[in-house]
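The values are calculated or read from the model by the stated rules, or taken from the named source; none is laboratory data. Nothing here was measured: the structure is a model prediction, and the numbers come from that model. A quick note on method: Cβ atoms are made from the backbone with ideal geometry, for glycine too, and the neighbour counts reach across all protein chains shown. Keep in mind that these areas ignore ligands, DNA and RNA; they rest on the heavy atoms of the full protein, side chains included. Shrake-Rupley method; radii C 1.70, N 1.55, O 1.52, S 1.80 Å.
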Amino acid sequence: MEGGLEIVSGIKRGLMIGRYQPFHWGHLNLAEEILSECEELVVAIGSPEANFSFNDPFTTGERITMVHESLKKRGLRMSDCYVLPVPNSNNNYTWFEGIRSMIPKVTAVYSGNQFVQLLLPENVKVRSPTFLKNKIFNGTRIRNLIVRNGNWQDLVPSPVASFIKEIDGISRLKKLKRTQIEQERVLTTSGSKKDA
């Protein structure tokens, strides 16, 4: 079988899947954990078509840059790392089948996300990350801290903080948050007019 999951004894190549909006310390710790147990790492960037919304503010290219620069700065061997976009599917049941045709063969999927675990076929080896501080290292929390001028820089690797500043991502997030609030207000107002 070309690409996809190859069930073999022992772990050779580990897969982590996320949107990385933005890539943070939780993600980097997982990457290091995978490379401590596997020979190679595949970082799959989900929702590559999503960008310029508050929930998905960064483009695929920007997210690839954040991941690549973070792994490199951490001293991980880039020849052992793949960073690839994987498209979404409208059919959740076949979502992973689509992914496996677009990535190198992997022997384990690392995910603490119960929905992702539910979508994986039974023959897929799933490993739960040991570093789970979802309430601290959380993309939604980081985006909200950026908008509120909070201390978000400590939650992301330094290349990510530098890159977000370089692309004027702080300003972008604030504009996207205002746009989101305006859209919600319009929807609420138009919904109440229909009810009247």
Condition met for LEU118 (surrounded by fewer than 19 Cβ atoms within 10 Å (Cβ to Cβ), at pLDDT below 95 and under 14 Å from TRP25 (Cα atoms)): no
Cross-chain or 6+ apart pairs with Cβ under 6 Å, the range 152-178 first and open to solvent by 60 Å² or more (accessible area, probe 1.4 Å), then part of a helix (DSSP H, G or I): GLN153/ALA161
VAL147 vs. criteria farther than 25 Å from LYS72 by Cβ and open to solvent by less than 60 Å² (accessible area, probe 1.4 Å): yes
Selection within the range 93-115 - closer than 26 Å to GLU62 by Cβ, open to solvent by 50 Å² or more (accessible area, probe 1.4 Å) and polar (S, T, N, Q): SER101, ASN113
Tally of residues being free of Cβ contacts under 8 Å to residues at least 60 places away in the same chain and open to solvent by 10 Å² or more (accessible area, probe 1.4 Å) across the range 47-71: 11
